[in-house]
Amino acid sequence: MKICATLLVLLGAAPAFADPPTDPEEFAFVRKVFQKIQLRSFDLNRELCGYLGRDALGRLMVSQINVGQEAGCTLPDWPTKFVVLASFHTHSTYNPAYNSEVPSSTDMESDQSSQINGWIATPGGRVWFVDSSTMTAHQVCGVKCVAQDPNFIDEPPGAVKGSYSYRAIIKSETY
């Protein structure tokens with residue numbers, strides 16, 4: 001996955017963490033999508049969500065983008081004009097009541113039930129990749145990789161890991 005790490009450096013992103021099983025072209029595309037929708041997500045204080053896929057010619061594309069709630073988003077109807085690769089969604093604005101800098105168990109379960117992977121952008125500007133086949137979440141790039149909520153307050157160093165198993169996410173949600 002050296003290609004992925006190199007791509008992140010070339011794009012001016014924060015350093016890569018775990019080497020997730022991602023396609024560099026897919027990451028670059030989804031990062032551009034997040035760059036466009038993060039500010040709207042912050043303005044609305046809502047999650048935005050949709051699907052990422054490839055059309056018949058192999059071009060990456062996105063579905064309709066839905067506006068959800070502060071802590072949730074109902075995905076649009078399943079696209080029929082392209083092959084779905086993954087879901088994507090923002091985690092709205094910074095709110096200390098939510099652990100929004102990491103994927104939730106619900107995020108992971110939703111992707112697994114649809115048999116697709118997932119992409120998540122956080123208020124801090126982190127981008128996560130959820131591999132639903134292994135039920136792991138990988139931080140592809142860190143703080144300020146995409147637009148960051150102006151009210152964001154980061155966790156202490158080391159508090160947000162580079163990757164999590166589903167079990168670790170469940171454990172972190174048990175307060």
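The values are calculated or read from the model by the stated rules, or taken from the named source; none is laboratory data. Model, not experiment: these values are computed from the prediction. Neighbour counts run over all protein chains shown; Cβ positions are idealised from the backbone, glycine included.
Yes/no matrix, rows are residues, columns are (1) of a type in the set (D, E, K, R); (2) surrounded by 13 or more Cβ atoms within 10 Å (Cβ to Cβ); (3) part of a strand (DSSP E or B); (4) modelled with pLDDT under 95:
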position	(1), (2), (3), (4)
LEU7	no, yes, no, yes
ALA18	no, yes, no, yes
THR22	no, yes, no, yes
ARG31	yes, yes, no, no
PHE34	no, yes, no, no
ILE37	no, yes, no, no
SER41	no, yes, no, no
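Taken over the range 134-159, the criterion of being of a type in the set (A, V, I, L, M, F, W, C) and either closer than 19 Å to SER41 by Cβ or at pLDDT 95 or above (or both) is satisfied by MET135, ALA137, VAL140, CYS141, VAL143, CYS145, VAL146, ALA147, PHE152, ILE153. Within this structure, LYS81 passes the test of being modelled with pLDDT under 95 and basic (Lys, Arg). Applying the condition of being part of a loop (DSSP other than H, G, I, E, B) and touching a strand residue (DSSP E or B) at 6+ places or on another chain (Cβ under 8 Å) to the range 148-175 and asking which residue is nearest to VAL130 (Cα to Cα) yields GLY162.
Suppose we keep only residues that are among the charged types (D, E, K, R) and not in a helix (DSSP H, G or I) within the range 58-115. Which one would you say is farthest from the chain's Cα centre (by Cα)?
That would be LYS81.
Residue count for the range 78-97 satisfying the condition of being in contact with an Asp or Glu (Cβ under 9 Å, 6 or more places away or on another chain) and farther than 19 Å from ASN66 by Cβ: 3. From the list ALA147, ALA159, the one residue that fits, being buried (at least 17 other Cβ atoms within 10 Å of the Cβ) and of a type in the set (Gly, Ala, Ser), is ALA147. Of all the criteria given as (1) touching a helix residue (DSSP H, G or I) at 6+ places or on another chain (Cβ under 6 Å); (2) among the polar types (S, T, N, Q); (3) under 15 Å from SER110 (Cβ atoms), the one not satisfied by THR93 is (3).
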